[in-house]
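**Student:** Pasting a structure below so you can have a look.
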Amino acid sequence: MNEQKLKKQNRLVVIILLLLLVAGLAIHQYFNYALRPVDSANHQRVTVTIPRGATDDEVAKILKEKQLVRRAYVFSYYLQTHKTKGVKAGKFKLARTQSVPQIATELQSSRAAKR
């Protein structure tokens, strides 16, 4: 009886670990999808104005409204985890062919910002 209970517990632990692994892989795949360009065929530039003092969340919302990123919270999370410098204020010309990392790099470049 005790050995049977132990086997049952071991199966439960294995099932929980497998579910966590599948959930982790699904989240990873989703983030990879959300980091890709919105429209790799549309090379038209979109002018985006980033106001002085804008937070990462505000910048992400602006980019989502301009249809430059798939998910605002993914862009915001990316900025928080990969930011080397703050996002610059100014006007930027961005394209829907740019990925989240490319947009983030451009928004952190003072060369790209037009006052």
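**Student:** May I ask you to list the lysines whose Cα is less than 19 Å away from that of K88, ignoring any residue fewer than eight positions away on the same chain?
**Tutor:** Partners within reach: K61, K64, K66, K114.
**Student:** Separate question: For the chain, what does -39500 (n - 2.57) per DSSP helix run (n ≥ 4), summed and divided by total residues, give at 222 nm, in deg cm²/dmol to the nearest 500? Spell out each step's value before the answer.
**Tutor:** Values: 4 runs with 63 residues, N = 115.
One gets -18000 deg cm²/dmol as the mean residue ellipticity at 222 nm.
**Student:** Taking the square root of 5 times each eigenvalue of the Cα gyration tensor, what semi-axes in Å does the equivalent ellipsoid of segment 45-107 have, largest first?
**Tutor:** Values: eigenvalues 43, 36, 24 Å².
Semi-axes (√(5λ), whole Å): 15, 13, 11.
**Student:** Here's something else I'd like to know. Which whole-Hz ³J(HN,Hα) couplings does segment 75-92 yield from phi under the Karplus relation 6.51 cos²θ - 1.76 cosθ + 1.60, θ = phi - 60°, glycine and proline marked x?
**Tutor:** Result, rounded to whole Hz: 5, 4, 4, 4, 4, 5, 9, 10, 6, 9, 9, x, 5, 7, 7, x, 9, 10.
Just so you know, all these numbers are worked out from the coordinates, no wet-lab data involved. For clarity, every value in this text was computed on a predicted model and none was experimentally measured.
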